[in-house]
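Written out below as structure tokens is the structure these notes cover.
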Amino acid sequence: MDVASGDATLLLLAVVSLLITAAVWSNRRRKDVNAAPSPPSRPLLGHLHLLGKPLHRSLAALAAAHGSGSSPTPLLFLRLGSRRALLVSGHAAAEEWQGATPSSPASWTTNGGGSGATPAKIDPEFYTDTVIKGIVMILLSAGTDTSALTTEWAMAFLLTHPEAMSKVRAELDTNIGTKRLVEESDITNLPYLQCVVKETLRLCLVGLVIPAHEAMEDCTVGGYQVRRGTMILMNAWLIHRDPKLWEAPEEFRPERFLDTAGVVTAVTAPMLPFGLGQRRCPGEGLAMRLVSLTLAALVQCFEWDVGEGGVVDMDEGVGLTMPMATPLSAVCRPRKFVESMLSAST
Ligand code: HEM
């Protein structure tokens, strides 16, 4: 075979492969009867070229571009390369997946398989040293950065909202006083502090886009068909800013979680800072106690000041867990009672 005919064969092969790929692609698309709305896609890439950084904002822009008026579309079908994905940007749709409504598919798994609706019984032999080490590593990596970042954002909010800082301080002084340090059991008597933590988790949640979910069976959500194996991407960041659910959603207003009697309301429904469904964060209880107690101790024991420059940079940095663009730096001084407590104990 001479060079020219070799090139022609290669070209022919390339054209045939392209035609086959295009045919498979359009056949797949035809099968998507009554699928959620979807932007125009590109062969092979699908919608990958539409994703940008930060991911939560680029997904929010996509949902907004396909919504009506100022409301983003709650459900958008995306193809990420060969992977089918459903972008969920509305709380009602997220709840439907969670299993809160009778039409929910009710089954979740991680990408690539995992437990179904009924948790499998695990043989104790399964827990070898390596598995136990792995679990400890997961707990450490999933629990430390998330809790530390939430505490950092909460302190940043308090430093930039002196009235909120004063209210937390007043609540601590009224309920605990200055004769002892705040304890975990005190948290239930500190409703405003709890609201500060909730409001921080609403605005600066560390799980911005919850990705590790997949439909285990064909089902219908929001009236649209969702095929088995579709990855579910929940844009929790956008859901937490829905103006239909939250008044002035961009503002830090811890009071929004208090009812008229000053009691913390149970309006956690429109929020999913800890994910949802079977894969919901197992560390939620620990995290809430840890963040609340750390914050309470910091405010009870120290006077705080933003320090030189007097400005806290509230911009979000790059990363899946939403760090602060500039790590928080502030000046603290122990309050008088702490100094006397420390000198009495030495
Ligand atoms: C403020 C602190 C925390 C936040 C905001 C947070 C948030 C989340 C989120 C959004 C998920 C994904 C849930 C989903 O896929 O639906 C998750 C998973 C997880 N979290 Fe947390 N978390 C926090 C603290 C902790 C702590 C303290 C621990 C344990 C010590 C922990 C352990 C885990 C584990 C093991 C998973 C994986 C669960 C699974 O895939 O089945 N987290 N967390």
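The values are calculated or read from the model by the stated rules, or taken from the named source; none is laboratory data. Small disclaimer: the values here were computed from a predicted structure and weren't measured. We place every Cβ from the backbone using ideal geometry, glycine too, and count neighbours over all the protein chains shown.
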request  = Taking Leu298 as the residue in question, decide whether it is within 15 Å of Thr146 (Cα to Cα) and within 16 Å of the ligand (Cβ to nearest atom).
outcome  = no
- Task: Could you tell me whether any residue of segment 235-251 is touching a strand residue (DSSP E or B) at 6+ places or on another chain (Cβ under 6 Å), of a type in the set (Val, Ile, Thr) and closer than 15 Å to Ala93 by Cα?
- Result: no
Looking for something within 16 Å of the ligand (Cβ to nearest atom) and surrounded by fewer than 18 Cβ atoms within 10 Å (Cβ to Cβ) - is there at least one such residue anywhere in segment 247-263? no
Only unsatisfied item for Pro270, checking (1) under 24 Å from Glu152 (Cα atoms); (2) buried (at least 17 other Cβ atoms within 10 Å of the Cβ), is (2)
Among the residues of segment 242-259, the number that are without any contact (Cβ under 8 Å) to a residue 60 or more places away in the chain and of a type in the set (A, V, I, L, M, F, W, C) is 2
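Each row is one residue, and each column tells you yes or no for (1) in contact with a Gly (Cβ under 7 Å, 6 or more places away or on another chain); (2) in a helix (DSSP H, G or I); (3) within 23 Å of Leu55 (Cβ to Cβ).
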site	(1), (2), (3)
Leu272	no, no, yes
Met288	no, yes, no
Ala296	no, yes, no
Val312	no, no, no
Heads up, the helices (runs of 4 or more DSSP H) in segment 84-201 (entirely inside) with at least 1 residues that are at pLDDT 95 or above are 129-160, 162-175
